[in-house]
Amino acid sequence: MRQASNQPTRTFTGIISISVFVWSLLLSAVAFAQASSTFNQDFRLWTPTFLTVKLPSSFFAYMEVNPRFADLDDSGKIDQLLLRPALGYQLTENVSIWQGYAWVGNFNQRHTPPQSPFFEESRIYQQINYTSKLESFKILSRFRLEERWIEHADGTALRFRLMVRGSYPLPIAPEWALVAYDEVFVNLNKVGVAQGKGPDAGFDQNRFFVGINRTFGKHFNMDAGYQNQLLNSRSIPNLANQMNHVILLNFYINL
């Protein structure tokens, strides 16, 4: 008996992923429109490296080292360093699940006591990845839930993240691909808001990236492009009040 095709399911999932991507862009536009005249802008350089290693029995090991450099006062100093290990499992051809930990060091921060120029954050996160394909257009949908412990903020902050990434290899040069993604962050509760040290519930930030991907071989590829990071720092009563213009270089190692 001929096996039924799962193409309609993949097509439907692809449509849903694109719809979420468009919704995220609309959210960014609304947030930008609501920003006031005190809207702040800055420039950043992010150079994360992502290592994924296949393990026996459909398991994966993952490690991310993510240094982020800021242009605060034109100093170009490091702003953040993220170390993010995780363990994943491939459930199906298209679905994988992940459990990970993240350490975040925040450097050279503008601050008020008792928070110092350097403070730490620890996270535990759960993640589901879903990959689909529409012709040559590849789509990754990533759902992540984070439990965050932020220095000087009592309690556990919960944050949900949804990213939709699309890539399209160029027919005349398949080692090159056009890439775009959008990721929306939503805080599910408020922690340490009264002291001004933790996140409030609601919209946290949105990241939109557009660039190119270059595949150098079976084990290495990289993204290069521009990322717009729109943040709600809660410093003024608007949906968003900080925009960072980020030069983003993503390095992917797959073993």
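Quick note: the coordinates plus some simple rules give every number you see, no bench work behind them. Note that the structure is a prediction, hence the values are computed from the model and not measured. Don't worry about glycine lacking a Cβ; one is built from the backbone with ideal geometry, like all the others, and counts go over all protein chains shown.
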Exercise. Sequence-distant or interchain residues sharing an amide H contact under 5 Å with Leu134, placed H: which?
Worked result: Ile139
Exercise. How far apart, in nm, are the 7 Å Cα→Cβ label points at Leu81 and Phe107?
Worked result: 0.6
Exercise. By how many nm would the segment from Ser122 to Arg214 lengthen if fully extended, with 0.36 nm per residue of separation less the alpha-carbon distance?
Worked result: 29.9 nm
For this session: Write out the trypsin sites (Lys or Arg not before Pro) in region 165-227 meeting two conditions: DSSP loop, and at most 11 other Cβ atoms within 10 Å of their Cβ.
Result: Lys218
Exercise. Can you give the extra length, in nm with one decimal, that the chain gains between Leu145 and Leu170 once fully stretched, where that is 0.36 nm per residue apart less the Cα-Cα distance?
Worked result: 5.6 nm
Problem set entry | Extended-chain gain in nm, criterion 0.36 nm per residue less alpha-carbon gap, Thr156 and Val95 | 19.1 nm
Exercise. Tell me, what ³J(HN,Hα) does each residue in region 204-220 have, in order and in whole Hz, if you take phi through Karplus 6.51 cos²θ - 1.76 cosθ + 1.60 with θ = phi - 60° and put x for Gly and Pro?
Worked result: 9, 6, 9, 10, 10, 10, 9, x, 10, 10, 10, 8, 9, x, 5, 10, 9
Exercise. Amide H neighbours of Phe50 under 5 Å, counting only residues 5+ apart in sequence or on other chains, H built in-plane at 1.01 Å?
Worked result: Phe251, Tyr252, Ile253
